[in-house]
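So the structure is just underneath, and the comments pick up after that.
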Amino acid sequence: MSTTPLRLKELSKKEDLLTGGHRMCAGCGAPIAIRQVLLAAEMPVVVANATGCLEVSTTIYPYSAWKVPWIHTAFENAAATLSGVEAMYRALKKKGKIKERIKFIAFGGDGGTYDIGFQSLSGAMERGHDIVYICYDNGAYMNTGIQRSSATPLGANTTTSPAGKVIPGKLQPRKNLTKIMAAHGIPYVAQTTPAHWRDLMTKVRKALEVDGPAFINVLSSCNRGWRTPTDRAIEDCKLAVETCFWPLYEYENGKLTINQKPKEKKPVVEFLKTQGRFKHLFSPENEHLLKKAQELVDKEWEDLLREERMWKAEEGE
Amino acid sequence: MKGWKELEIGALTKAGSADEYNTGSWRAFRPVWIEENCIQCLFCWIYCPDSAITVKDGKRGEFDYMHCKGCGICAMECPGKKGKKAIVMEEEGK
Amino acid sequence: MGKVLAVTGNQAIAEAMRQINPDVCAAYPITPSTEVMQRFAAFVADGKVDTELVTVESEHSAMSACIGASAAGGRVMTATSSQGLALMWEMLHIASGMRMPIVMTLVNRALSAPINIHGDHSDGMGARDCGWVQLWSENGQEAYDNLIQAIRIAEHEDVRLPAMVNMDGFIISHSIESMEFLPDDVVKDFIGEYKPKNPLLDIENPVTMGPLVLPDYFMEFKRQQHEAMLHVKDVVLEVAKEFEKVSGRSYGLFEAYRLDDAELAIVVLNSAAGTCKDVIDEYRDRGIKVGLLKPRLFRPFPYEEVAEALSGVKVIGVLDRAESFGGFGPMYMEIASAMMTNGSKPIMINKIYGLGGRDFMPEHAAMVIDELKEIAETGKVKLYKDYLGVRE
Ligand code: SF4
Ligand code: SF4
């Protein structure tokens, strides 16, 4: 089978498997990521979706924006639901009732992935199902109206971690889910954004190719939650990578590769300042939080660099 | 609207049917394509959240105004030619 | 004919599952149903079934995986008890709402707190409104027979609903009784090939399953579920008739025991029915006209048929192995509703018994019959709802 080269001219000849006419907000990052994921796949895929913005807005009965087989059951269980689909695929393949090679993708937001769906995700990964779980992380429960999740960055103003007179937004740093998934020892784990379409699509292809579970964490902007103009989705993702707030990296069979190292690492305030959810951090009394935010980014980035150096040293590169 | 006897059980839904749904009415601003500034990079196409930029044989075509919500991402990401954007946003109804 | 063996209730269920040979099982261990999946896992490990066994990390995921597998297009089974069913509760509604013909054994056990691993019906009764077909079983033989029939009922074109087969925890699940198994090929022919309906894995005909349905369409889908439930009674009887041909054992919507001329009646589910029948025989020998009704199909509940069967009875004692705190027991409410359908107005009392595995002894049955008799004679009821076998 010839693979479509990752060039936009060639890719644009493929069928878009997410139609227009869905009801995601104007300028949402999630459908951009989903389109790219589906364009990257070179084989039939079946999709499971956790409850969330993506799920409700793309399937308002009697309309569905999905041209691939798609299932939603509940919020916390996209990985478990897809485990069942994949198990049935194996059963029917064994009996010769299905011939073709089909791959399985779960989509969940950060609420459905980092928080309520964390257990079922971990279970599915441990059991080794041949599925790719893709989290679109916009850093809060956007579907219910911007409540904090464990993916919400330090200091963010959400409706359940409001920036008030005494408490300046979310007090805790975000959970590093990509690392936690890497600790599962599964064949492929990566982090990317839709602004880096070629990186994203390369990663999706690698994830689909491995035999066994894979996890990709995709940063995805939400202009309502991030309090940004509707045209910022791609720009803010670029800033997230340029500031190392969201480094592009991957683990292939446990080996780390950083896919992009900014020539000049921008200060994290560059990423924070365009977003209304961090506005209060720029008042003088919250300076310590900006400092803390920078320290968190620096530490994560340095840890990654150190780990990558270790791998290189080991391989005598 | 269909009654319960006519509907497929379990709320089974036809794949891709959202294509028939008009989200163009959401638009406050309208992207306009200035072909002479277009370098055919297709960034607008890959970054559109609403599959609202038509491409034929690898070449950019008109906007699909039935689905375009006017977010402005395409205009923001369009490199254009010699500093001149190939997409500009114009207020609807003007 | 089949083999007669002495086995536990759980073993009988595992054996039925081996013979059914479902495409996918997803399960999580919980007392007292654990043995079902343990035995089944051994069948999988020894290649005695073709099933893909998904050993999930919780019951919530078990039912989620069952739904995914069923949607994908094959036959799916599982088993659980008590807290496991409680954790599945959200997914039980989704299984029925999405019209997935999953078949599950529920080995009945009390719900916490306090934690207790023994048999009562709080779990199954708590799932009463989840849209599942419910069959209840007095012993291992009935559970085995019900499970095989449940496959046909759930998958029937006019039904397409999930079904659960209930059996008492420990009292039945862990005690050995002699029962008859059908030959493997008879079971295979009886259940037939699974016929998928719009399967998710049909990539040539993609479908969207589980969309958001707003007030404009939601009620139509609920009406469809109601319609499917209306078909269940006929399907249960039709399947039972065919099952009788292959097994020689006959089943209905419920069992009526010495009820024809009865003036007093006990209504009770599952294993306690056996105890009551023995006591009823003793009372009959003394000339007391008492009978018993043991529901088999609890959802949908066969109101008219039950009312007809109880129409000549003057006093009914409904025994509930589950509480509805602040209300009558769940079975009492069904029987009361049933009696409304034909206008007969028996006196009805409710006894809560056997919670958390408390023994139900013949003397308890005798106490109930004595009380029914007294009510019949005096027309006076002391307490409509009371506990049985509890220390003051
Ligand atoms: S304005 Fe937004 S929705 Fe419209 S074509 Fe451009 S990117 Fe797509
Ligand atoms: S992004 Fe601009 S230059 Fe590139 S194809 Fe689209 S309109 Fe043309």
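Could you list all residues from segment A:12-25 that are in contact with a helix residue (DSSP H, G or I) (Cβ under 6 Å, 6 or more places away or on another chain), under 17 Å from B:Cys44 (Cα atoms) and in contact (Cβ under 8 Å) with a residue 40 or more places away in the chain?
Listed by number, the residues that qualify are A:Leu18, A:Thr19.
Filter segment A:240-281 for residues that are of a type in the set (A, V, I, L, M, F, W, C), more than 22 Å from A:Arg309 (Cβ to Cβ) and more than 16 Å from the chain's Cα centre (by Cα); which is surrounded by the fewest Cβ atoms within 10 Å (Cβ to Cβ)? Please lay out each step first, then the result.
Initially, segment A:240-281 is screened for residues of a type in the set (A, V, I, L, M, F, W, C), giving A:240-241, A:244-246, A:248, A:256, A:258, A:268-269, A:271-272, A:278, A:281.
Still in the running and more than 22 Å from A:Arg309 (Cβ to Cβ): A:240, A:268-269, A:271-272, A:278, A:281.
Cutting the leftovers down to more than 16 Å from the chain's Cα centre (by Cα) gives us A:268-269, A:271-272, A:278, A:281.
On the way: A:Val268: 22, A:Val269: 15, A:Phe271: 24, A:Leu272: 24, A:Phe278: 26, A:Leu281: 25.
The qualifying residue surrounded by the fewest Cβ atoms within 10 Å (Cβ to Cβ) is A:Val269.
Would you mention how many residues in segment B:24-50 are crowded, with 22+ Cβ neighbours inside 10 Å and either of a type in the set (S, T, N, Q) or away from ligand 2 (no atom under 14 Å from the Cβ) (or both)?
Total meeting the criteria: 2.
Evaluate segment B:64-77: report whether one residue or more is among the charged types (D, E, K, R), surrounded by fewer than 19 Cβ atoms within 10 Å (Cβ to Cβ), facing another protein chain (nearest Cβ under 8 Å) and within 9 Å of ligand 1 (Cβ to nearest atom).
So far as segment B:64-77 goes, yes, one or more of its residues are among the charged types (D, E, K, R), surrounded by fewer than 19 Cβ atoms within 10 Å (Cβ to Cβ), facing another protein chain (nearest Cβ under 8 Å) and within 9 Å of ligand 1 (Cβ to nearest atom).
Given the condition away from ligand 2 (no atom under 13 Å from the Cβ), closer than 21 Å to A:Thr230 by Cα and more than 9 Å from the chain's Cα centre (by Cα), answer yes or no: does some residue in segment B:57-73 qualify?
yes
Could you grab me the full set of residues in segment A:153-162 that are buried (at least 21 other Cβ atoms within 10 Å of the Cβ) and farther than 20 Å from A:Leu219 by Cα?
A:Ser161
Considering only residues of segment B:1-44 that are in a helix (DSSP H, G or I) and closer than 19 Å to A:Arg35 by Cβ, which is nearest to ligand 1 (Cβ to nearest atom)?
B:Cys44
For B:Arg60, work out the one condition from (1) surrounded by 20 or more Cβ atoms within 10 Å (Cβ to Cβ); (2) near ligand 1 (Cβ under 10 Å from one of its atoms) it doesn't fulfil.
(2)
Taking segment A:191-236 on its own, how many of its residues are more than 10 Å from chain B (Cβ to nearest Cβ), within 16 Å of ligand 1 (Cβ to nearest atom) and part of a helix (DSSP H, G or I)?
Qualifying residue count, segment A:191-236: 2.
Could you please tell me which pairs satisfy a Cβ distance under 6 Å, a separation of 6+ or placement on different chains, a first residue in segment A:106-118 that is in contact (Cβ under 8 Å) with a residue 40 or more places away in the chain and surrounded by fewer than 24 Cβ atoms within 10 Å (Cβ to Cβ), and a second residue that is aromatic (Phe, Trp, Tyr) and outside any helix (DSSP H, G or I)?
If the second residue must be aromatic (Phe, Trp, Tyr) and outside any helix (DSSP H, G or I), the pairs left are A:Ile116/A:Phe75.
Say whether the condition of being more than 24 Å from the chain's Cα centre (by Cα), more than 21 Å from C:Lys233 (Cβ to Cβ) and not in a strand (DSSP E or B) is met by at least one residue in segment C:288-295.
Checked segment C:288-295: at least one residue is more than 24 Å from the chain's Cα centre (by Cα), more than 21 Å from C:Lys233 (Cβ to Cβ) and not in a strand (DSSP E or B).
Pick out the one residue from C:Ser58, C:Ser112 that is surrounded by fewer than 24 Cβ atoms within 10 Å (Cβ to Cβ), without any contact (Cβ under 8 Å) to a residue 40 or more places away in the chain and within 10 Å of chain A (Cβ to nearest Cβ).
C:Ser58
How about segment A:6-62: which helices (runs of 4 or more DSSP H) wholly inside it have at least 1 residues that are hydrophobic (A, V, I, L, M, F, W, C) and away from chain B (no Cβ under 11 Å)?
A:30-40, A:53-58
Every read-out reported here was derived from the displayed coordinates using simple, explicitly stated rules and does not represent laboratory data. Predicted model only: the values in this text are computed from it and were never measured. All Cβ positions, even for glycine, are placed from backbone atoms using ideal geometry, and neighbour counts span all protein chains on display.
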